[in-house]
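*Asks:* The structure under discussion is supplied below as structure tokens; questions concerning it will follow.
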Amino acid sequence: MTRKIWFVGAGPGDPELLTIKARSLIEKADAILFAGSLVPLALTQWSKEGCVIHDSKGMALEEMTNWLIEQAQPHKTVIRLQTGDPSLYGALIEMVQPIDKAGIEVEIVPGISSAMASAAAAVESLTLPEVTQTVIITRVAGRTPMPEGESLQELAAHHSTLCLFLSITLLHKVCKELIECGWLEDAPVVVVQKASWGDAEKIVRGTLRTIKKQCQAEKISSQAMIIVSPTLGARHWDSLKKSKLYDEHFSHSFRKAIKE
Ligand code: SAH
């Protein structure tokens, strides 16, 4: 009989932003290990009676994988519930390797990343025609160093959208480096803390010059996404280059242009 461990993306926090697949796995689960620092306990509200629910907040990686392996018995549904999407900054492969070694199957359920939830909270588009068509998901070096060629300055040279995870405590460094590599001091920045967490959600808009002080004033020092992008604030622009896909002069496989 196969044994399997599911790595399930829990989304950014709002229980309604779980996928249907994630929710039905939670309903079926016999054991759930959740990242309590970022995943609200509310997400386990659909678990059945007798489900073993454990917060991984205080656990080291090896303890977590040992716990999951121990719980993974035939006919049991075992879930590692991860914040956002498991493929981003989730120590996923570090956990999968020992599980592979134990001969247990692994399956991943994607989730809504906090980058997307932050853009949604702020009513921003991360791409805009003829402004930027590229989104860079990154972080600045903290205890984890950045690989060669991925310094913020090298990535920022593209002047595309930057979504910075795990970097809010280094916001001063982010702003300084972007200004040093040619971004204007007035370039817009949005910081979203606890995107989708209802009343706990905070959205701070500013510029590379002002945002640090604004976040200090709002006491934002964790669980926040920094978005720096030439698209920010486009909702209020007078002139926009429109997407060709919806242009009435443009034909595609689902629609004929009304005039060429
Ligand atoms: N896999 C997750 C990211 C985990 S790393 C995802 O796809 O979202 C943790 C970092 O994600 C935090 O430091 C913060 O930068 C960001 N983050 C997680 N949840 C968030 C939320 N609800 N609002 C804003 N940022 C969030």
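The values are calculated or read from the model by the stated rules, or taken from the named source; none is laboratory data. Bear in mind that the values here come from a model prediction, so they are computed numbers and not experimental data. Note: ideal-geometry Cβ built from the backbone for every residue, glycine included; neighbour counts use all protein chains shown. For the accessible areas, the whole protein counts, side chains as well, though only heavy atoms, and no ligand, DNA or RNA atoms are used. Shrake-Rupley method; radii C 1.70, N 1.55, O 1.52, S 1.80 Å.
*Asks:* Can you list residue pairs whose Cβ atoms sit under 7 Å apart, with the first residue in segment 1-22 being without any contact (Cβ under 8 Å) to a residue 40 or more places away in the chain and the second being buried (at least 20 other Cβ atoms within 10 Å of the Cβ)? Count only pairs 6 or more apart in sequence or on different chains.
*Replies:* P15/L43
*Asks:* Something else: Of the numbered conditions (1) open to solvent by less than 80 Å² (accessible area, probe 1.4 Å); (2) at pLDDT 95 or above; (3) assigned to a loop (DSSP other than H, G, I, E, B), L184 satisfies every one except a single condition; which is it?
*Replies:* All conditions are met except number (1).
*Asks:* Pairs please, first residue from segment 93-119 and open to solvent by less than 40 Å² (accessible area, probe 1.4 Å), second anywhere and within 16 Å of the ligand (Cβ to nearest atom) and part of a helix (DSSP H, G or I), Cβ atoms under 6 Å, 6+ apart in sequence or on different chains.
*Replies:* These pairs meet every condition: V109/A22.
*Asks:* Does L43 qualify as being without any contact (Cβ under 8 Å) to a residue 40 or more places away in the chain and either away from the ligand (no atom under 16 Å from the Cβ) or buried (at least 16 other Cβ atoms within 10 Å of the Cβ) (or both)?
*Replies:* So L43 passes the test.
Each row is one residue, and each column tells you yes or no for (1) at pLDDT below 95; (2) within 16 Å of the ligand (Cβ to nearest atom).
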residue: E27; (1), (2): no, no
residue: A35; (1), (2): yes, yes
residue: W67; (1), (2): no, no
residue: E70; (1), (2): no, no
residue: M95; (1), (2): no, yes
residue: P110; (1), (2): no, yes
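*Asks:* For segment 47-86, which residues satisfy the criterion of being of a type in the set (G, A, S) and outside any strand (DSSP E or B)?
*Replies:* S47, G50, S56, G58, A60, A72
*Asks:* Being surrounded by fewer than 22 Cβ atoms within 10 Å (Cβ to Cβ) and either of a type in the set (D, E, K, R) or in contact with a His (Cβ under 8 Å, 6 or more places away or on another chain) (or both) is the filter here, so list the residues in segment 66-92 that pass it.
*Replies:* W67, E70, K76, listed by residue number.
*Asks:* In addition: Yes or no: L126 within 15 Å of the ligand (Cβ to nearest atom), over 28 Å from K48 (Cβ atoms), of a type in the set (A, V, I, L, M) and not assigned by TED's automatic domain parsing to the domain that holds S47?
*Replies:* yes
*Asks:* Within segment 7-37, which residues are in a helix (DSSP H, G or I), open to solvent by 10 Å² or more (accessible area, probe 1.4 Å) and of a type outside the set (S, T, N, Q)? Reasoning before the result, please.
*Replies:* Initially, segment 7-37 is screened for residues in a helix (DSSP H, G or I), giving 15-17, 20-28.
From what is left, the residues that are open to solvent by 10 Å² or more (accessible area, probe 1.4 Å) are 15-17, 20-21, 23-24, 27-28.
The answer is P15, E16, L17, I20, K21, R23, E27, K28.
*Asks:* How many residues are more than 16 Å from the ligand (Cβ to nearest atom) and assigned to a loop (DSSP other than H, G, I, E, B) when one looks only at segment 154-171?
*Replies:* Total satisfying the criteria: 4.
*Asks:* Considering only residues that are away from the ligand (no atom under 13 Å from the Cβ), free of Cβ contacts under 8 Å to residues at least 40 places away in the same chain, in a helix (DSSP H, G or I) and open to solvent by less than 70 Å² (accessible area, probe 1.4 Å), which ones fall in segment 191-246?
*Replies:* Q214
*Asks:* Test each condition in (1) within 19 Å of the chain's Cα centre (by Cα); (2) assigned to a strand (DSSP E or B) for V106 and report the one that comes out false.
*Replies:* (1)
*Asks:* Right, here's the next one. Between a first residue in segment 129-149 that is part of a loop (DSSP other than H, G, I, E, B) and a second residue that is of a type in the set (G, A, S), which pairs have beta carbons less than 7 Å apart while being 6 or more apart in sequence or on different chains?
*Replies:* Taking only residues 6 or more apart or on different chains, the pairs are P129/S243; T134/S160; R139/S167; V140/S167.
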